[in-house]
1. Please work out which residue is farthest from the chain's Cα centre (by Cα), limiting yourself to the range 107-117 and to residues that are part of a loop (DSSP other than H, G, I, E, B) and either buried (at least 16 other Cβ atoms within 10 Å of the Cβ) or free of Cβ contacts under 8 Å to residues at least 12 places away in the same chain (or both).
2. Just one of (1) part of a loop (DSSP other than H, G, I, E, B); (2) buried (at least 19 other Cβ atoms within 10 Å of the Cβ); (3) in contact (Cβ under 8 Å) with a residue 60 or more places away in the chain trips up residue 203, so point out which.
3. Take the range 54-77 and flag every residue that is in a loop (DSSP other than H, G, I, E, B) and either over 16 Å from residue 122 (Cβ atoms) or at pLDDT 95 or above (or both).
4. For the range 333-381, which residues satisfy the criterion of being out of contact with any Asp or Glu (no Cβ under 6 Å at 6 or more places or on another chain), part of a loop (DSSP other than H, G, I, E, B), free of Cβ contacts under 8 Å to residues at least 40 places away in the same chain and within 24 Å of residue 297 (Cα to Cα)?
5. Go through (1) part of a helix (DSSP H, G or I); (2) closer than 30 Å to residue 101 by Cβ; (3) not small (Gly, Ala, Ser) one by one and return the number of the condition residue 309 breaks.
Amino acid sequence: MNVYEAARQRLSIVFRDFDHVYVSFSGGKDSGALLNLCVDYLRAHQPGRKLGVFHIDYEAQYAMTTEYVDKVLEENPDIFEVYRVCVPFKVTTCTSMYQDYWRPWEEAKSDIWVRKMPEKCLGAKDFPFFHEDMWDYDFQNEFAVWLHEKKRAKRTCCLVGIRTQESLLRWRAIHSSRHYHTFGGLKWTSQVGENVFAAYPIHDWLTTDVWTANAKFGWRYNHLYDLFYQAGVPFGSMRVASPFISSAQDSLKLYKVIEPNTWGRLVSRVNGVNFAGLYGGTTAMGWKSIRLPQGHTWESYMYFLLSTLPEETRQGYLMKLKTSIKFWREKGGVLSDETIRDLRAAGVNIEVSEMTNYNTPKKPVRMEYIDDVDIDEFQYIPTYKRMCICIMKNDHVCKYMGFALTKRETERKRVVMAKYHNL
């Protein structure tokens, strides 16, 4: 069975066991391929059945992406139930040291919107669960539950076009034994709420599989990728998502060449865009091989970088650092035998235990923060150099160091969500 046949088989399970199904469609190649798969499947096996199409419109994007989304959402009117969302939730930005988020479609800044709000879209007033402290990823989860209740469905499935080839985090989302509850033990699903699940039918597709399917079946796709290809952008670096996230910094400068008018609006829309466009993907923003300035240790350089930041931003990084130091000192991170051997060979003082609560063959290692270490798995070791890279990337959450939300942030999120849910 090839990946196309496997995806069709997964869709047959979804459309058999879920009475309400919708696709999360971003305008990129993966979600586009998934949406086309669903349309072909329904036309062949369940004609007349409806399919929800959920599109978060982030305002700041290529005009070609908007044109592609417009065309797709207008197609198949007998099948699609469209939910085009234009909501001013918080969206992460790594272009600025002064702000860690921006808001698309913020009413107070309508005079500098990158483009006009599309017709027939859903705004903040259409969603009773929305509040100003909500991030975009929280909105997606709450939307799934809200739509499930609105449709009075017995069981709802949100289809998401993520592929494990894209990143380690996506691979872990599918293969980790610690991720969310699944539907019927299927590893390519995860539970979002009561009787609400997410499913990833094309998780095992490669980039070449997506383009092969587009060509073989004549599927509509975003022709922005053609311009990327002509510009010499590697397949793995072609992104149509938010231009302000860390992984998109290196390609942000392409706006200048491909759509200079859009670029001009981006510069005035979000703080630090021009700088990131010039230096994204370089050592100036923590990419490639950053060098330690003469006369500094990585620890002293970290405190120098912190001293250049606004107070609130600085305290955020210091809180992350304090949490990380305590974790490695008291609980420890799990490392492979090879990494443990390399650390000892490098003269690093570590304390290794044999037992761990994690479902992994790796061993828990307790240690103090060190300046730097020259080993292959540098990214897993608590070093001040890693913290410097986070600061230079404007990585406010410190994802590069493996951070998710802290307990304090998670509790604050829970309290806020409970408050607005009750309201």
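The values are calculated or read from the model by the stated rules, or taken from the named source; none is laboratory data. Computed from a predicted structure; not experimentally measured. Ideal geometry is used to build each Cβ from the backbone, glycine not excepted, and the neighbour counts take in all protein chains shown.
1. The residue in question is 116.
2. (3)
3. Result: 60, 61, 62, 75, 76, 77.
4. Selection gives 346, 347, 348, 349, 350, 367, 373, 374, 376.
5. (1)
Yes or no, residue by residue, for (1) at pLDDT 75 or above; (2) touching a Cys at 6+ places or on another chain (Cβ under 8 Å); (3) buried (at least 19 other Cβ atoms within 10 Å of the Cβ); (4) not aliphatic (A, V, I, L, M):
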| position | (1), (2), (3), (4) |
| --- | --- |
| 172 | no, no, no, yes |
| 179 | no, no, no, yes |
| 186 | yes, no, no, no |
| 193 | yes, no, no, yes |
| 212 | yes, no, no, yes |
| 232 | yes, no, no, yes |
| 247 | no, no, no, yes |
| 252 | no, no, yes, no |
| 255 | no, no, yes, yes |
